[in-house]
1. How large is the translational diffusion coefficient of the range A:18-143 in µm² per second when you combine the Kirkwood radius over alpha carbon pairs with Stokes-Einstein at 25 °C and 0.890 mPa s?
2. Remind me, relative contact order of chain B in percent, using alpha carbon pairs under 8 angstrom and six or more residues apart?
3. If you take every residue apart from A:Lys85 with its C-beta less than 11 Å away from the C-beta of A:Lys85, what net charge results, scoring Lys and Arg +1 and Asp and Glu -1?
4. Between B:Leu4 and A:Glu92, what's the calculated FRET efficiency when r is the beta-carbon distance and R0 is 35 Å? Round to 0.05.
5. Let me check I've understood the local charge: for A:Lys3, count other residues with C-beta under 12 angstrom from its C-beta, Lys and Arg +1, Asp and Glu -1. What total comes out?
6. Would you mind calculating the gained length between B:Asn56 and B:Ile98 on full extension (0.36 nm times residue separation, minus the Cα-Cα distance), in nm to one decimal?
7. How would you rank A:Glu60, A:Glu94, B:Glu89, going from fewest to most other Cβ atoms within 10 Å of each one's own Cβ?
8. For a test of the definition: using alpha carbon positions, the gyration tensor, and the 1.5 limit on a/c, classify the range A:1-73 as rounded, prolate or oblate.
Amino acid sequence: MRKYLYIGLGGFFGAILRTAIKSSSMLKTDVEFPLDTLFINVFGSFLIALFLTLCIGVMEIDLDIRLGITSGFIGAFTTFSTVCKEVIGLLEQEKTFLAIFYSFISISLGIIAVYTGIVIGKKIILFKIRGAEIAIDKNMDEK
Amino acid sequence: MHFLIVGIGGVFGSITRYKLGKAIAEKSDSIYPIGTFLTNIMGAFLLGIVSNSGLNSNYYYLLGDGFLGAFTTFSTFMYEGFMLFQENEKLNSIAYFIITVILGIIFYGLGAYVIKQFLL
């Protein structure tokens, strides 16, 4: 039961943050291109990959909280249905090239973001392990 | 005020995605992340309906931006697809990405078409 509380709580803030970014003028372009959704989805993909890599490696986070962050917060922050709506919107305006480009770039940047998240996550893990080894060595020397 | 409405939709959208996705995944022995796949396609279809049914803005915040926005997910879609790639299912991974996007667009259009016919 407890996990639904965390997932719901994560979903609450994830959906709000997505809407806040979309309704701000930060990522508005002159051409009609959904740069805000693209940013949200790519950044969210990076975050989920980084977080899950760290979870497997070093962080001992309660499973329910982990679900709240991944399935709840990041899951609700990023969205798939809006991408489909925006692609159809571009097609309806006969911006076929832009529609195909948007689909393609969402997937490609999403994959690159996941890859980057995993690589950085692994680097952090290595760094922590090395730090721990150095600490152990120091202890041994002192003894 | 509309942020609160979106947030409430987000609570139920993410919990429904988790429960439904898990129930589907448990019933399948496919290598594909079928739970995420089906919820995403279903959510795209429903957003086609919701976006074209002339709802007033508060209902749209609740159902469209809130519930369906959170019900479907892009990050898990990317992560699971990438895991497939890493498990050396390279072709299946690429197929998964392409098929999800194409079907999502088609099903959004289908939902839009269905509700427009119904409202006529």
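1. Values: Rh = 16.9 Å.
Diffusion coefficient, whole number: 145 µm²/s.
2. Values: 151 pairs, mean separation 45.2, N = 120.
Dividing the mean separation by the residue count of chain B yields 38 percent.
3. Values: positive: none; negative: A:Glu86, A:Glu92, B:Asp65.
Neighbour charge sum, excluding A:Lys85 itself: -3.
4. Numbers: r = 31 Å, r/R0 = 0.89.
The formula returns an efficiency of 0.65 here.
5. On the way: positive: A:Arg2, A:Arg66, B:Lys19, B:Lys22; negative: A:Asp62, A:Asp64.
In short, +2.
6. Working: separation 42, 0.36 × 42 = 15.12 nm, distance 3.36 nm.
Extra length from B:Asn56 to B:Ile98 when fully extended: 11.8 nm.
7. A:Glu60, A:Glu94, B:Glu89
8. Details: a/c = 4.24, a/b = 1.84, b/c = 2.30.
Here the range A:1-73 falls in the oblate category.
Read-outs: derived from the displayed coordinates by stated rules, not from any lab. None of the values given here were measured: they were computed from a predicted structure. All Cβ positions, even for glycine, are placed from backbone atoms using ideal geometry, and neighbour counts span all protein chains on display.
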